[in-house]
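*Asks:* Have a look at the structure that comes next, please.
The values are calculated or read from the model by the stated rules, or taken from the named source; none is laboratory data. No experiment lies behind these values; they were computed from the predicted model shown. Note: ideal-geometry Cβ built from the backbone for every residue, glycine included; neighbour counts use all protein chains shown. Remember, those area values only see protein heavy atoms, side chains included, never the ligands or the DNA or RNA. Shrake-Rupley method; radii C 1.70, N 1.55, O 1.52, S 1.80 Å.
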Amino acid sequence: MRYQLELTLRRAEGALTRVLGTAERRGFLPVSVDGHAHADGERWQLRMTVEGERAPETLQHQLAKLYDCLTVEVRPCP
């Protein structure tokens, strides 16, 4: 099943790598990633589509634990 994630990250070295690695370690394959920096220059807004058979809440809870991840929302892709 495909899920779309909306994340707000601190603009820190390695933040994107940690998000992608966490997704893969939890059994979700990243399909697409798109993002931009906020006007304040301190945060990134990231949209990521992943595929996986596990419950999406598993990934949401693990991403929320990352220091650089300020918000995370997961919803099924239409």
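*Asks:* At 1.4 Å probe radius, can you tell me the per residue accessible area of the chain in Å²?
*Replies:* Per-residue accessible area for the chain comes out at 62 Å².
*Asks:* With a 1.4 Å probe and every protein chain kept in, tell me what percent of the accessible surface of the chain is carbon plus sulfur.
*Replies:* On the way: 2370 of 4830 Å².
That share works out to 49 percent.
*Asks:* Please state the charge dipole magnitude for the chain, taken about the Cα centre, from unit charges on C-beta atoms (+1 on K and R, -1 on D and E), reported in debye and rounded to the nearest 20. Walk me through the intermediate numbers first.
*Replies:* Working: 11 positive and 11 negative charges, 29 e Å.
Computed charge dipole of the chain: roughly 140 debye.
*Asks:* Now, a different point. Assuming 0.36 nm per residue, please report the length gained on full extension of the stretch R54 to E6 beyond their Cα-Cα distance.
*Replies:* Working: separation 48, 0.36 × 48 = 17.28 nm, distance 1.81 nm.
The R54-E6 span can extend by a further 15.5 nm.
*Asks:* What residues have an amide H closer than 5 Å to that of G35, excluding those fewer than 5 places away on the same chain, when H is modeled at 1.01 Å from N in the peptide plane?
*Replies:* R47
*Asks:* Here is a further query. Below 8 Å between Cα atoms, with a sequence gap of 6+, how large is the relative contact order for the stretch 10-78 in percent?
*Replies:* Working: 82 pairs, mean separation 23.2, N = 69.
Relative contact order of the stretch 10-78: 34 percent.
*Asks:* When N is the residue count of the chain, what does its C-alpha Rg come to as a fraction of 2.2 N^0.38 Å?
*Replies:* Working: Rg = 11.6 Å, N = 78, 2.2 N^0.38 = 11.5 Å.
Rounded to two decimals, the normalised Rg is 1.01.
*Asks:* Sticking with this structure for a sec: Divide by every residue of the chain the summed helix terms, -39500 (n - 2.57) for each DSSP H run of at least 4, and state the resulting mean residue ellipticity at 222 nm, rounded to the nearest 500 deg cm²/dmol. Working shown, then result.
*Replies:* Numbers: 2 runs with 20 residues, N = 78.
That comes out to -7500 deg cm²/dmol.
*Asks:* In addition: What nm distance separates the two modelled labels at E42 and T71, each placed 7 Å from Cα along Cα→Cβ?
*Replies:* Inter-label distance under the simple model: 1.5 nm.
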